[in-house]
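Participant: Below is the structure I would like to discuss, written out as structure tokens.
The values are calculated or read from the model by the stated rules, or taken from the named source; none is laboratory data. Everything numeric here is computed off the predicted structure, so don't read it as measured data. Virtual Cβ from ideal backbone geometry, glycine too; neighbours counted across all protein chains shown.
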Amino acid sequence: MDVFEGKSWISGKGLNHVCIGVEDGKISSVKKILKGDTHTNFHGVLLPGAFDMHVHFRDPGYPHKEDWKSGSESAAAGGVTAVVDMPNTNPFTTDLETFRAKESTAASKSVVDFGLGVNVDQDLTKQTWFDTIPAAFWKLYPYGISSDDFFSYANEVLDKTKKPLVIHCEHPDHMHNNTLNQLSDHTQNRLIAEPECLASMPSSPYLHVAHLSTFEGLNRVPKLATSEVCPHHLLLNLDNCKSIDCKVDPPLRTRKDNTELYDAFRSGKISILSSDHAPHTVEEKRSDNPPSGLPGVETMIPLMLNEVSEGRLKLERLVNAMSEAPANRLGLERGKIIEGQTADFMIVDMKKSLPIKLDQLHSRSNWTPFENWSAIFPSQVYRRGELIAEDGEIKQEKGGQNLF
Ligand code: NCD
Ligand code: ZN
């Protein structure tokens, strides 16, 4: 048994000085005193590893933007020990064959554990594999689809599913693509797409709303649905981020939207934090027709830990939103420092706030909207008891597993 001794976040109890015993990738014991084969007295605090249920690792299809190696290393360095990858790769993850191919690529390259989202397409619920495919969830996009089909697919899947349906809720009829001269033009192009979409979504406990971005949308989330918010919709707005590079779907909005969403996040009304890590290269972002999307899997936890250290967010709420709540939502028993759970954790010095520098990041996109923002990166990150990242350096190759 390996023993880690120091201040740890124990779910329901807060920070306590304890010994955590790790055996075969699991937390085998949490006690005041423990004797093991190895004994590490750590500095700082030990928190559960984060579970980011919304990333785009671009593999297969767009290895120049990211692949499972670079994406997962970016996750690991930022304290994220498990991710769910979205299906808009090339080919899309839409059936058993594309699913199995991506699963095998991920298993051969990813340093963090993972799940895969399956794309909602016509006749999804009629497929022979619908009930058995080991997907984390179904994902419905509003691109290249009529609004009739969009809402009818959502209703049909919600009627038949036992898994979450994650929706990118922007109404297909309200997503305009007029030319951008400045970032706010993109916001104007999708001004009411989110609330209009949410107003027409049925209420279901299986519905999960991805990346909420507006106050109006927040107020229209169907009663039984869950939701997530990303750091960029809490911290960035059209005043503090003017570059067209920051084009993202749903778009950045106003300071007021940040504040309202942050209040809902603080209260737990928005229960989950996710990154919507959507890397594109600098060249693509600077082109005449820049794609939407911001990288974020590596900066998400460091930025939010800095929020905690500056008193704007409670550690308890962050730990819940980054670890327990997403795992719970997807039906997994993980995300807590208690006996019997997976030994995924990070060690963090809450006093070590430093500006984010591009050369410390691992994503192939090679840019961030958060350059020079203060952040607290984990000093060590463990996946199933193994050290995978230390002070930004990756310590393991691959080894990630499908959690579903
Ligand atoms: C996503 C991407 O790049 O894959 N971009 C984004 O702005 N969020 C696609 C998407 O989810 O819309
Ligand atoms: Zn996304």
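Participant: Listed residues PHE57, PHE51; which is of a type in the set (Phe, Trp, Tyr) and either out of contact with any helix residue (DSSP H, G or I) (no Cβ under 6 Å at 6 or more places or on another chain) or farther than 22 Å from PRO91 by Cα (or both)?
Facilitator: The match here is PHE51.
Participant: Enumerate the strands (runs of 3 or more DSSP E) found wholly within segment 1-78, keeping only those where 2 or more residues are among the hydrophobic types (A, V, I, L, M, F, W, C) and over 17 Å from PRO378 (Cα atoms).
Facilitator: Hits in segment 1-78: 2-10, 14-23, 26-31, 50-55.
Participant: Which of the residues belonging to segment 144-175 are in a loop (DSSP other than H, G, I, E, B) and among the polar types (S, T, N, Q)? Even if it seems obvious, please write down each step before you answer.
Facilitator: Restricting attention to segment 144-175, the residues satisfying the condition of being in a loop (DSSP other than H, G, I, E, B) are 144-146, 161-164, 168-171, 175.
Across segment 144-175, the qualifying residues are SER146, THR161.
Participant: So in segment 50-97, with the set limited to residues that are away from ligand 1 (no atom under 16 Å from the Cβ) and out of contact with any strand residue (DSSP E or B) (no Cβ under 9 Å at 6 or more places or on another chain), which one is nearest to TRP129 (Cα to Cα)?
Facilitator: LEU96
Participant: Something else about it: Can you name the residue in segment 79-110 that is charged (D, E, K, R) and in a helix (DSSP H, G or I) and is also surrounded by the fewest Cβ atoms within 10 Å (Cβ to Cβ) among such residues?
Facilitator: Of the residues in segment 79-110, the ones charged (D, E, K, R) are 85, 95, 97, 100, 102-103, 109.
Still in the list and also in a helix (DSSP H, G or I): 97, 100, 102-103, 109.
Values: GLU97: 11, ARG100: 14, LYS102: 24, GLU103: 20, LYS109: 20.
Among residues in segment 79-110 that are charged (D, E, K, R) and in a helix (DSSP H, G or I), the one surrounded by the fewest Cβ atoms within 10 Å (Cβ to Cβ) is GLU97.
Participant: Just the residues that are surrounded by 15 or more Cβ atoms within 10 Å (Cβ to Cβ) and more than 17 Å from the chain's Cα centre (by Cα), please, taken from segment 255-265. Spell out the reasoning first.
Facilitator: Pass one, segment 255-265, residues surrounded by 15 or more Cβ atoms within 10 Å (Cβ to Cβ): 257-258, 260-262, 264-265.
Of everything in segment 255-265, those that are surrounded by 15 or more Cβ atoms within 10 Å (Cβ to Cβ) and more than 17 Å from the chain's Cα centre (by Cα) turn out to be ASP257, ASN258, GLU260, ALA264.
Participant: While we're on this one: Taking only segment 176-228 into account, find how many residues are in a helix (DSSP H, G or I) and under 22 Å from SER267 (Cα atoms). Reasoning before the result, please.
Facilitator: As a first pass, look at segment 176-228 and keep what is in a helix (DSSP H, G or I): 183-189, 193-199, 215-219.
Those left that are additionally under 22 Å from SER267 (Cα atoms): 194-195, 198, 215-219.
Qualifying residue count for the region: 8.
Participant: Something else about it: Please work out if PRO164 is within 22 Å of LEU224 (Cβ to Cβ), within 16 Å of ligand 2 (Cβ to nearest atom) and touching a strand residue (DSSP E or B) at 6+ places or on another chain (Cβ under 7 Å). Quick ask: steps written out before the conclusion?
Facilitator: Details: within 22 Å of LEU224 (Cβ to Cβ): yes; within 16 Å of ligand 2 (Cβ to nearest atom): yes; touching a strand residue (DSSP E or B) at 6+ places or on another chain (Cβ under 7 Å): yes.
So PRO164 fits the description; yes.
Participant: Just the residues that are among the acidic types (Asp, Glu), out of contact with any strand residue (DSSP E or B) (no Cβ under 6 Å at 6 or more places or on another chain) and either at positive phi or without any contact (Cβ under 8 Å) to a residue 40 or more places away in the chain (or both), please, taken from segment 269-306.
Facilitator: So in segment 269-306, the residues among the acidic types (Asp, Glu) come out as 276, 283-284, 288, 298.
Subsequent filtering for residues that are out of contact with any strand residue (DSSP E or B) (no Cβ under 6 Å at 6 or more places or on another chain) retains 283-284, 288, 298.
Once the filter is applied, which keeps residues that are among the acidic types (Asp, Glu), out of contact with any strand residue (DSSP E or B) (no Cβ under 6 Å at 6 or more places or on another chain) and either at positive phi or without any contact (Cβ under 8 Å) to a residue 40 or more places away in the chain (or both), segment 269-306 yields GLU283, ASP288.
Participant: Mind checking which residues of segment 257-312 are closer than 20 Å to PHE215 by Cβ and within 13 Å of ligand 2 (Cβ to nearest atom)?
Facilitator: Going residue by residue through segment 257-312, those that are closer than 20 Å to PHE215 by Cβ are 257-274, 276, 307, 312.
Passing the criteria: SER274, ASP276.
Participant: Moving on to the next point. Within segment 273-287, identify whether any single residue is surrounded by fewer than 17 Cβ atoms within 10 Å (Cβ to Cβ) and either among the polar types (S, T, N, Q) or under 21 Å from GLU324 (Cβ atoms) (or both), and answer yes or no.
Facilitator: yes
Participant: Further, regarding this structure: May I ask you to list the residues in segment 352-404 that are buried (at least 20 other Cβ atoms within 10 Å of the Cβ) and part of a strand (DSSP E or B)?
Facilitator: ALA375, GLN380, VAL381, TYR382, ARG383, ILE388, ALA389
Participant: Out of the residues in segment 1-46 meeting the condition of being hydroxyl-bearing (Ser, Thr, Tyr) and within 25 Å of GLY399 (Cβ to Cβ), tell me which one is surrounded by the most Cβ atoms within 10 Å (Cβ to Cβ). Explain how you work it out, then say what you get.
Facilitator: Restricting attention to segment 1-46, the residues satisfying the condition of being hydroxyl-bearing (Ser, Thr, Tyr) are 8, 11, 28-29, 38, 40.
Narrowing further to those that are within 25 Å of GLY399 (Cβ to Cβ): 8, 28-29, 38, 40.
Numbers: SER8: 23, SER28: 19, SER29: 17, THR38: 9, THR40: 15.
Ranking the candidates gives SER8 first.
Participant: Does any residue in segment 227-249 that is in the same structural domain as THR281 (by TED's automatic domain parsing) and without any contact (Cβ under 8 Å) to a residue 24 or more places away in the chain come within less than 9 Å, Cβ to Cβ, of a residue that is more than 15 Å from ligand 1 (Cβ to nearest atom) and not polar (S, T, N, Q) six or more places away or on a different chain, and which pairs are these?
Facilitator: ASN237/ARG255; ASN237/LYS256; ASN237/ASP257; ASP239/ARG255; ASN240/ARG255
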